[in-house]
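What follows is a set of notes on a single structure, which appears directly below.
The values are calculated or read from the model by the stated rules, or taken from the named source; none is laboratory data. All of these numbers come straight from a predicted model, not from anything done at the bench. Because the Cβ atoms are built from the backbone with ideal geometry, glycine has one as well, and the counts that use them run over all protein chains shown.
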Amino acid sequence: MNFDVVFLGTGAAVPVPSRGTTSQFLDIHGHTYLIDAGEGVQLALRKNKCKFQKLKGVFISHMHGDHVLGLPGLLSTMSLLGRKEPLTIYGPADLKVWMEQTWRAIQAHLSFELTWLSWDPKAPKEMWVEERYRLISFPVKHRIPTCGLKVEEKSLPWGLNGVKAGVAKLPYHVRQALKRGEEVKWEDKVLHPDDWCTPPRKARSYVFSSDTRPCQSLQEMAAGADVLYHDATFANLDEDRAKSTYHSTAKQAARLAHQAGVGHLVLGHISMRYKDVGLLVEEAKAFHPKVTVAEDDMRMTIEGGGLGNRV
Ligand SMILES: [Zn+2]
């Protein structure tokens with residue numbers, strides 16, 4: 001079951017040739033989502049061969065231009081290419097108003113239905129809940145209301161010993177119960193999943209911080225995550241600037257990742273002022289052993305145990 005993230009844009013505020021503004025393409029168990037839609041998102045999706053016509057949902061973390069200005073163009077293109085499937089967009093309450101004004105101003109009509117839902121700026125909220133995974137928004141600490149996103153697997157199936165089940169002639173409903181990890185009664189006996197199956201592998205999780213100061217809410221949601229993508233706009237020498245703009249330094253990101261027991265820290269939302277990101281890595285590695293600076297077009301498979309593999 002795949003669980004991949006493509007980092008489409010990893011820069012802060014202003015797009016430059018080496019780094020676009022924030023967008024990520026998430027593929028979990030064959031369902032795809034877009035996390036933020038910075039300017040240039042359409043071309044980045046095409047460049048990375050991400051099939052955006054099949055997106056199941058879009059998550060927008062906040063109303064700053066570097067996270068949202070690519071959305072009208074993307075939706076417009078989906079319509080021009082004849083999309084019919086409905087699309088759900090989760091974001092701040094202002095998003096729907098802004099988009100509707102935009103449609104009116106450019107006299108656009110969409111070929112598909114949009115459902116607008118708001119995240120909660122004060123508490124975690126389940127957004128997409130599927131049988132084997134869920135996406136949860138949670139508030140972070142930025143200049144305007146902003147939410148991060150946690151993507152986590154759940155209810156993974158136990159691996160049934162098919163040969164043993166076949167010899168015992170277990171019926172379908174009994175097999176299904178065992179694969180859910182449940183005890184089940186059959187022919188006056190109680191069957192235990194441990195005797196018939198191998199336990200499921202560890203559920204994996206990915207956390208996207210969006211733009212934020214280090215905060216309690218993020219630390220709680222990142223607890224034990226396999227991969228955390230954290231705002232690392234600044235190096236420690238610009239700590240004052242990080243504070244006044246409600247962003248984080250690489251050092252702060254690493255300290256939070258260490259405290260939260262994160263497996264792999266990915267630094268993102270990098271300011272264009274740092275031509276050499278070695279400084280950011282050095283600061284972060286003093287607090288966390290596994291650090292990667294995100295690059296545009298980098299694809300990562302989320303692996304259990306925090307071993308995210310860069311491809
Ligand atoms: Zn930003």
Kindly provide the set of residues from segment 42-66 that are within 14 Å of the chain's Cα centre (by Cα) and within 16 Å of the ligand (Cβ to nearest atom), ordered by number.
-> Phe59, Ile60, Ser61
Residues being in contact (Cβ under 8 Å) with a residue 60 or more places away in the chain and either assigned to a helix (DSSP H, G or I) or out of contact with any Gly (no Cβ under 9 Å at 6 or more places or on another chain) (or both) - total across segment 244-294 = 3
Among the residues of segment 60-90, which ones are aliphatic (A, V, I, L, M), touching a strand residue (DSSP E or B) at 6+ places or on another chain (Cβ under 9 Å) and part of a helix (DSSP H, G or I)?
-> Val68, Leu71, Leu74, Leu75, Met78
For segment 111-122, does any single residue satisfy the condition of being closer than 30 Å to Ser248 by Cβ, assigned to a strand (DSSP E or B) and of a type in the set (D, E, K, R)?
-> no
From the set of residues in segment 171-218 that are within 30 Å of Arg241 (Cα to Cα) and assigned to a loop (DSSP other than H, G, I, E, B), which is nearest to the ligand (Cβ to nearest atom)?
-> Asp211
Would you pick out the residues in segment 219-243 that are in a helix (DSSP H, G or I) and within 21 Å of the chain's Cα centre (by Cα)?
-> Gln219, Glu220, Met221, Ala222
Out of Asp27, Asp36, sole residue that is assigned to a strand (DSSP E or B), within 16 Å of the ligand (Cβ to nearest atom), buried (at least 16 other Cβ atoms within 10 Å of the Cβ) and of a type in the set (D, E, K, R) | Asp36
From the residues in segment 272-309 that are within 16 Å of the ligand (Cβ to nearest atom) and at pLDDT 95 or above, which one is surrounded by the most Cβ atoms within 10 Å (Cβ to Cβ)?
-> Ala294
